[in-house]
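K.L.:
My questions all concern the structure below.
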Amino acid sequence: LDVVRFTYIQAIFYEALRMFPLVLHIPKESAFDTTLRTKNKNGETVVIPCPKGTQLNLSAIALHFNRKLVQHWYNTGTQDRFTAKYWRDPKAFNPDRFQGDWNRDAFIPFSAGARSCIGRRYVRIACYLEKVVGY
Ligand code: HEM
């Protein structure tokens, strides 16, 4: 395999999956009583109870386009603005973001963890063979 070429094709493939994840929402169910922690726009920690049996959706599309509400200070006063949280300029198609180091936790088209997609590596190789080698 031409590794450099393969890496770039994979970057294009990943960027397509970041912008257009085939599985938008991955359904899950809480296996035990737990809590989810997040922060509100003032930076305060918010704890959300998540009892056993709670239906959850991992939203790939929301994660891939996630924006963070921040306050900007201008001469005219404070204003709320959105800024990119994980992916800079998330609406732009830019395979280069998958070159070098990138945030593995902010990319879940194949889900994540123990029950993530077992076809992931197969799909990457199959795309390469079809598009580049023409096999
Ligand atoms: C671009 C193509 C694909 C995408 C985007 C994709 C995406 C996903 C996602 C999001 C899940 C997690 C579902 C969940 O947790 O409810 C999953 C699971 C799974 N995928 Fe894929 N998949 C792809 C191709 C494939 C292929 C080609 C195979 C088989 C060769 C495959 C086999 C599986 C299996 C067996 C699971 C269940 C794993 C488990 O529950 O432990 N997938 N896939």
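Each row is one residue, and each column tells you yes or no for (1) charged (D, E, K, R); (2) assigned to a loop (DSSP other than H, G, I, E, B); (3) over 30 Å from ARG124 (Cβ atoms).
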{"residue": "GLU15", "(1), (2), (3)": "yes, no, no"}
{"residue": "ILE26", "(1), (2), (3)": "no, no, no"}
{"residue": "LYS41", "(1), (2), (3)": "yes, yes, yes"}
{"residue": "VAL46", "(1), (2), (3)": "no, no, yes"}
{"residue": "PRO49", "(1), (2), (3)": "no, no, yes"}
{"residue": "LEU56", "(1), (2), (3)": "no, no, no"}
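K.L.:
For region 1-51, how many residues are more than 18 Å from the chain's Cα centre (by Cα) and within 16 Å of the ligand (Cβ to nearest atom)?
P.N.:
4
K.L.:
Filter region 82-135 down to the residues that are modelled with pLDDT under 80, away from the ligand (no atom under 16 Å from the Cβ) and not in a loop (DSSP other than H, G, I, E, B), then identify the one that is farthest from LEU58 (Cα to Cα).
P.N.:
Looking at residues that are modelled with pLDDT under 80, away from the ligand (no atom under 16 Å from the Cβ) and not in a loop (DSSP other than H, G, I, E, B), I get VAL133.
The values are calculated or read from the model by the stated rules, or taken from the named source; none is laboratory data. None of these values were measured; they are calculated from a predicted model. When we count neighbours, we look across all protein chains shown, and the Cβ atoms used for this are built from the backbone with ideal geometry, even at glycine.
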